[in-house]
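First up is the structure itself, then whatever we jot down about it.
The values are calculated or read from the model by the stated rules, or taken from the named source; none is laboratory data. The structure presented is a predicted model; accordingly, all values stated were derived computationally and were not measured. FYI the Cβ positions are ideal-geometry reconstructions off the backbone, even for glycines, and counts take in every protein chain you see.
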Amino acid sequence: MDKTMEKKVTNDAAAYMRTIAEKRGRPIDLAEEWVRKATSKTETEAVKAKLIDVVSPNLTDLLQAIDGRVVTTAAGKVKLETKNAVVRREEMNLREKILKIITDPTIAYLLLILGLAGLYFEFSTPGAILPGVLGGIALILALYAFQQLPINYAGFLLILLAIVMFIAEIKVVSHGVLTLGGIAAMILGSMMLINTPAPYMRISVGAIIGTAVGTAAFFLFVVGAGVKALRSKTTTGIEGLVGEIGVVRTRLAPRGQIFLRGELWNAEGDGAVEVGESVRVTGMDGLTLRVVHVQRATATSEAVATGRSE
């Protein structure tokens, strides 16, 4: 904040402290001075200055020390009777323990990343079901946790941008630029995600770096391998026969039979081909393979290449 705003905040805090000190019978000037000069004192000094009444090492000692005191409340003056008071401690139930775990900043962050990865895997490979179910549950839990945490949406958008960069790296040749940009966006977004100065509310640095590197590796290797498999030539079924080499078993004139992959196939060539010669599959018409003589096809390819060079 600027100097004007800082002065206003200090004056407001000093006025509030004077009100409290006057109401509780404390030294008003000393209380205000400690606020304006940002002075820090030990508990012993505070007792001597009569800013506090007692110092107790534990709850039991405190209850005995304040027993019999008369205090002013909103309902009037009340005499404290705490010497034999029964202390009841309420432990968290199972639901509260689970919610406490979920709302941990690091756990919420990991749930977000796992949720996005699961949904992407489901959308890229429809029918897997399990990744989509787990990803959806993880993402909903992460969004619930974010409602309880001070979230910086700029950090959240940087994480989404990092995911987009990792996906783009698979389909665009960037020589690693998109990957490095995605890792940088992931780390920066993760560090900005929780908007609070409290150290216990921050995401673990180890979790941030590990998640950024792991996410990059996931998209580059696992998803990348899946994309390459989808783009690769089909090796099974009817489509997998195109380009294969077979041997003529009955003379093609132009119809006959060829032996391919341990089976006899009806075939139709582009001319007469004798028994024992090799042919290459170029297509399929129903259950009849369309083939060309291997030597003839090779000669045609060489002629086309020669014509292009000339």
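What's the number of the only condition in (1) surrounded by 11 or more Cβ atoms within 10 Å (Cβ to Cβ); (2) at pLDDT below 90; (3) of a type in the set (A, V, I, L, M, F, W, C) that L134 fails to meet?
L134 satisfies all of (1) surrounded by 11 or more Cβ atoms within 10 Å (Cβ to Cβ); (2) at pLDDT below 90; (3) of a type in the set (A, V, I, L, M, F, W, C) except (2).
List pairs: first in the stretch 186-214 and in a loop (DSSP other than H, G, I, E, B), second surrounded by fewer than 19 Cβ atoms within 10 Å (Cβ to Cβ) and of a type in the set (S, T, N, Q), Cβ under 9 Å, 6+ apart or cross-chain?
Taking only residues 6 or more apart or on different chains, the pairs are N195/N152; R202/T106; R202/T196; I203/T106; S204/T106.
Restricting to the stretch 263-277, give me the number of residues that are surrounded by 15 or more Cβ atoms within 10 Å (Cβ to Cβ) and closer than 10 Å to V248 by Cα.
4
Residues to consider are A46, A38, A31; find the one that is in a loop (DSSP other than H, G, I, E, B), small (G, A, S) and not assigned by TED's automatic domain parsing to the domain that holds G189. Please lay out each step first, then the result.
Numbers: A46 fails: in a loop (DSSP other than H, G, I, E, B); A31 fails: in a loop (DSSP other than H, G, I, E, B).
Of A46, A38, A31, the one residue that is in a loop (DSSP other than H, G, I, E, B), small (G, A, S) and not assigned by TED's automatic domain parsing to the domain that holds G189 is A38.
Given the conditions (1) more than 51 Å from the chain's Cα centre (by Cα); (2) at pLDDT 90 or above, which single one is not true for Y16?
Y16 satisfies all of (1) more than 51 Å from the chain's Cα centre (by Cα); (2) at pLDDT 90 or above except (1).
In the stretch 66-107, what count of residues is obtained for those that are among the β-branched types (V, I, T) and more than 32 Å from the chain's Cα centre (by Cα)? Break it down into steps so the answer makes sense when it comes.
First, pick out the residues of the stretch 66-107 that are among the β-branched types (V, I, T): 66, 70-73, 78, 82, 86-87, 98, 101-103, 106-107.
Right, trim to more than 32 Å from the chain's Cα centre (by Cα) and you get 66, 70-73, 78, 82, 86-87.
Within the stretch 66-107, residues that are among the β-branched types (V, I, T) and more than 32 Å from the chain's Cα centre (by Cα) number 9.
Based on what the data block shows, is F166 within 24 Å of F221 (Cα to Cα), buried (at least 20 other Cβ atoms within 10 Å of the Cβ) and of a type in the set (F, W, Y)?
Values: within 24 Å of F221 (Cα to Cα): yes; buried (at least 20 other Cβ atoms within 10 Å of the Cβ): yes; of a type in the set (F, W, Y): yes.
The answer is yes for F166.
Hey, could you check the stretch 14-35 for residues that are surrounded by 13 or more Cβ atoms within 10 Å (Cβ to Cβ) and among the charged types (D, E, K, R) and say which is farthest from L80 (Cα to Cα)?
E33
Can you tell me which residue within the stretch 77-118, out of those that are of a type in the set (G, A, S) and in the same structural domain as I203 (by TED's automatic domain parsing), is farthest from A217 (Cα to Cα)? Talk me through it step by step, then tell me what you get.
Restricting attention to the stretch 77-118, the residues satisfying the condition of being of a type in the set (G, A, S) are 85, 108, 115, 117-118.
If we keep only those that are in the same structural domain as I203 (by TED's automatic domain parsing) too, we end up with 108, 115, 117-118.
On the way: A108: 21, G115: 17, A117: 12, G118: 15 Å.
Within the stretch 77-118, the match that is farthest from A217 (Cα to Cα) is A108.
Name, by its number, the condition in (1) at pLDDT below 85; (2) surrounded by 14 or more Cβ atoms within 10 Å (Cβ to Cβ) that does not hold for V71.
So the condition that V71 fails would be (2).
What do you reckon, is L252 under 18 Å from L241 (Cα atoms), in contact with an Asp or Glu (Cβ under 9 Å, 6 or more places away or on another chain) and buried (at least 17 other Cβ atoms within 10 Å of the Cβ)?
Answer is no for this residue.
Going residue by residue through the stretch 150-157, is there one that turns out to be assigned by TED's automatic domain parsing to the domain that holds F218, under 20 Å from N195 (Cα atoms), in contact (Cβ under 8 Å) with a residue 40 or more places away in the chain and of a type in the set (S, T, Y)?
no
Please state which of the following conditions T10 fails to meet, knowing it meets all the rest: (1) within 30 Å of N84 (Cβ to Cβ); (2) in contact with a helix residue (DSSP H, G or I) (Cβ under 7 Å, 6 or more places away or on another chain); (3) modelled with pLDDT of 85 or more.
(1)
Specify the residue that is farthest from Y120 (Cα to Cα); the eligible residues are those in the stretch 186-206 that are more than 12 Å from the chain's Cα centre (by Cα) and aliphatic (A, V, I, L, M). Quick ask: steps written out before the conclusion?
Step one: of the stretch 186-206, the residues more than 12 Å from the chain's Cα centre (by Cα) are 188, 191-192, 194-206.
Cutting the leftovers down to aliphatic (A, V, I, L, M) gives us 188, 191-192, 194, 198, 201, 203, 205.
Numbers: L188: 22, M191: 23, M192: 24, I194: 24, A198: 33, M201: 28, I203: 24, V205: 25 Å.
Checked the stretch 186-206; the qualifying residue farthest from Y120 (Cα to Cα) is A198.
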